[in-house]
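Notes to accompany the following structure.
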Amino acid sequence: MAAHFTQMPAQMTEFTLILVASYLLGSVSFAIMVARVYGLPDPRSHGSGNPGATNMLRTGRKSAAVLTLLGDALKGYVAVWLAQWATTTWGLPAYTPYLAALAAFLGHLFPVFFGFKGGKGVATAQGVLLALDARLGGLTLATWAIIFAITRISSLSALVAATLMPFYGWLLLGGGPETGLLALLGGLVLARHHSNIRKLLSGEERAFKQRAFKKR
């Protein structure tokens, strides 16, 4: 059922609190925090310069990359879960979890704690999708995994998944405002990958090769 995005919430204080909390959760950069714990270079000044799991993998510390991936996805999931709880408990509008998803995603892209310079949002987008609808999140994740298994190119996998995200939403949720929000999320992922798109078109984007990474 489509959420009525034009309906103004009666509990404006609680509604605002959830959105602010979602943005602050999204602003937590697990790549930077994990790098500090591991004593690794700041991901913003290493490799691609992106504070995300893929760039953390370039340090050779697989566990650091996994922790970053899980943390970035989990913060998106928790933000939406909290919004769903608040919607039921406080009687907030049905669209609240969708706006919380967007707030958490924007927090990752533009984190207040790190000078508004964040990552590309792939893992956080996956987290919010799984919380909004497990089928939607599952399809998007499967798309990423299939493309990566074929090409070994993380950016291409993210681009294909982001492009298909609103289509999956239309199939599963209908063509309401939810699909529009998914299109916005997907468009932001594409925009954050503009440099990768240029490299893909010029044939300069590198694929991940099987190589020995440190386990710790």
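Only the coordinates and a few stated rules stand behind these numbers; no lab work does. Being a predicted model, the structure only gives us computed values, none of them experimental. With ideal geometry, Cβ positions are generated from the backbone for all residues, glycine too; neighbour counts draw on all protein chains shown.
Some points to look at:
- Here the residues 204, 14, ranked from fewest to most Cβ neighbours within 10 Å of their Cβ, fall in the order 204, 14.
- For residue 58 and residue 94, a Förster radius of 45 Å and the Cβ-Cβ distance give a FRET efficiency of 0.60, rounded to the nearest 0.05.
- Summed over qualifying helices (DSSP H, 4 residues or more, each -39500 (n - 2.57)) and divided by its residue number, the chain shows a 222 nm mean residue ellipticity of -22000 deg cm²/dmol.
- Length gained on full extension, residue 171 to residue 146: 7.0 nm, using 0.36 nm per residue less the C-alpha separation.
- Positive contributions from Lys and Arg (+1) and negative ones from Asp and Glu (-1), summed over other residues with Cβ under 13 Å from the Cβ of residue 97, come out at -2.
- In the elastic network of the chain, a GNM with C-alpha springs shorter than 10 Å, the most mobile of 200, 19, 109 is 200.
- Over 21 Å between alpha carbons, listed pairs 75/120; 75/199; 62/199: 75/199; 62/199
- Cα centroid separation, segment 125-166 to segment 49-105: 15 Å.
- For residue 173, net neighbour charge (Lys/Arg +1, Asp/Glu -1) across residues whose Cβ lies under 11 Å away: -1
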